[in-house]
């Protein structure tokens, strides 16, 4: 089935699950009608619970779900929909208080009935989860600590909400209605448990060994892995994987694009730039270290987007997936024309520039470098990748090339606007963004 059709089916399934409370609330037996604020409050509460439950699946990295959209799209949706779900939870409680001001006592997490306490616990856990996510950098909360707190608070909030619904018991007074909502929530959390517990156990059967840690220009390291006791991983050029060192159960895992050719499935390479605590230590990883790779993930690949030619636009370490694409196309002796526009701060920071020169001898590759801080005597493009630069270099053939963009979010936003101004159809543009968390 075409991946766009699969995407439509996933969207329909999401809408069906989220709207299911509205459906089973209307199925007999139903309680007598109550004032509008109460009924609206109950509706928001049910929908919010299922929206929160589905969050566990959205971040589960299921390939069948992420393939039509890309994990970066799912994670952005995860963040946006979490805000909406939290708003529903807050309005659920506010509507109750507007109906009866005495119900403000339900905000007491240790007083009242168990139904009110569990409701308050769920509300405060959801709020704390959101605040820690929004202000993680300001609080200097490490990624691993944030991830653990995110998981614990999410499960605690969802469990409290389900208990609250059970104890409130108005619209799920029949057994099948209660088991329906509980079953959905358990299934969603179970899917997340599969990702965090069972999948690492499976990864233990497919370890890799670090064979080389090679310095590149611009504080970039090429980390090479060799499959240890298994044939390796089939991946598409441009995809990425989640890397763990030492243990498959480690919370210290990070997504990196494959930079190696997809034609050698037993060998993987990642291009990693020194940008944080983990990446700053990459150069210190000794050969022989055991590694585990969860993947492949992503839909940023020419194999999934056939076209008569391509334009690659990279910003900084955004060159990583393009190295995989270019190396693979060269190994396949692909004759299609490719334009690479590569933006970097300084000439000495341009990673892989020597290999790009060699690749130009193997495939129909043109490279345009754009330097933010050019050295004296530089005669190429300067500044950022702008509409003017693109107009000077975009091919003028009658056929339409597909454009791939990878780099920091501000760069992608600016380039997307510039491409539209240059007359490139949006359907011919695919972007992969950094800063997913």
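Computed quantities for the displayed model
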quantity	calculated
Rounded if a/c under 1.5, otherwise prolate or oblate - the chain, Cα gyration tensor axes	prolate
Cβ-derived FRET efficiency at R0 35 Å, residue 209 paired with residue 358, nearest 0.05	0.80
Residues of segment 228-259 with amide N under 19 Å of the 7 Å Cα→Cβ point at residue 290	228-233, 242-254
Normalised contact order of segment 3-202, rounded percent, pairs of Cα under 8 Å and 6 or more residues apart	26
Over segment 302-433, relative contact order from alpha-carbon pairs under 8 Å, at least 6 apart, %	29
The chain: relative contact order as a whole-number percent, Cα under 8 Å and 6+ apart	12
Extended-chain gain in nm, criterion 0.36 nm per residue less alpha-carbon gap, residue 107 and residue 379	91.3 nm
Spin-label proximity, residue 131 to segment 101-115 - amide N less than 18 Å from point 7 Å beyond Cα toward beta carbon	107-110
Residue 333-residue 228 pseudo-label distance in nm [points 7 Å out on the Cα-to-Cβ vector]	3.7
Extension gain from residue 175 to residue 147, taking 0.36 nm per residue of separation minus the Cα-Cα distance	6.6 nm
0 to 90° range, to nearest 10: angle between helix 114-134 axis and the chain longest Cα axis	20
Segment 246-279 versus segment 380-422: alpha-carbon centroid distance in Å	28
Cβ-based exposure ranking for 369, 208, in which fewest neighbours within 10 Å come first	369, 208
Global form of segment 315-398, assessed from the alpha-carbon gyration tensor, a/c cut-off 1.5	oblate
Alpha-carbon centroids, segment 75-146 and segment 202-217: separation in whole Å	41
Cα gyration tensor category, rounded, prolate or oblate, for segment 19-161 with a/c compared to 1.5	oblate
Label-point separation in nm, residue 201 to residue 252, each point 7 Å along Cα→Cβ	2.5
Degrees separating the helix 71-99 axis from the principal Cα axis of the chain, which is the longest one	20
Computed E for residue 23/residue 304 - FRET, C-beta separation, R0 45 angstrom, nearest 0.05	0.80
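Laboratory data are not the source of any read-out in this text; all were calculated from the coordinates shown. Because the structure is a prediction, the values reported are computed rather than measured. In this analysis, Cβ positions are derived from the backbone assuming ideal geometry, glycine residues included, and neighbour counts consider all displayed protein chains.
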